[in-house]
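The values are calculated or read from the model by the stated rules, or taken from the named source; none is laboratory data. What you see is a predicted model; the values in this text were computed from it and never measured. With ideal geometry, Cβ positions are generated from the backbone for all residues, glycine too; neighbour counts draw on all protein chains shown.
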Amino acid sequence: MLGISKRGNAYLRTLLIHGARATVQVAKGKADPLSRWINSLGERRHTNVVAIAVANKTARMAWALLHHEREYDENWSTATA
């Protein structure tokens with residue numbers, strides 16, 4: 001999968017990246033599934049690459065929640081659906 005593209009709203013993309021950078025910084029001390037994913041990715045990739053990956057994942061999660069009219073549940077997975 002590719003990173004976040006330059007298509008669409010530049011302001012929304014900027015907000016996603018700023019939020020992702022904050023999430024990467026905070027994830028260092030947490031053990032929830034998303035933080036574990038971020039930390040494991042951070043061991044293999046540069047911090048900026050991890051931030052873009054988190055922004056991309058956040059955008060995809062937001063789209064899926066809106067499209068399927070669901071509320072966010074951090075323990076939800078496709079295996080439980």
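Tabulated values for the structure
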quantity	calculated
Members of the range 4-60 found to be under 26 Å from residue 73 (Cβ atoms) and either of a type in the set (S, T, N, Q) or assigned to a loop (DSSP other than H, G, I, E, B) (or both), listed by number	4, 23, 25, 30, 31, 32, 35, 39, 40, 56, 58
Per-region count, the range 26-39, residues among the aromatic types (Phe, Trp, Tyr) and touching a residue at least 24 places away in the same chain (Cβ under 8 Å)	0
Pair list, Cβ under 9 Å, 6 or more apart: the range 13-25 residue polar (S, T, N, Q), other residue surrounded by 16 or more Cβ atoms within 10 Å (Cβ to Cβ)	23/35; 23/38; 23/51; 23/54; 23/55; 23/58
Residues (small (Gly, Ala, Ser) and touching a residue at least 12 places away in the same chain (Cβ under 8 Å)) located in the range 3-12	3
Qualifying positions in the range 59-78 - surrounded by 10 or more Cβ atoms within 10 Å (Cβ to Cβ) and closer than 21 Å to residue 12 by Cβ	59, 60, 61, 62, 63, 64, 65, 70
Pair list, Cβ under 7 Å, 6 or more apart: the range 57-81 residue at pLDDT 90 or above, other residue not small (Gly, Ala, Ser)	58/16; 59/4; 59/16; 65/72
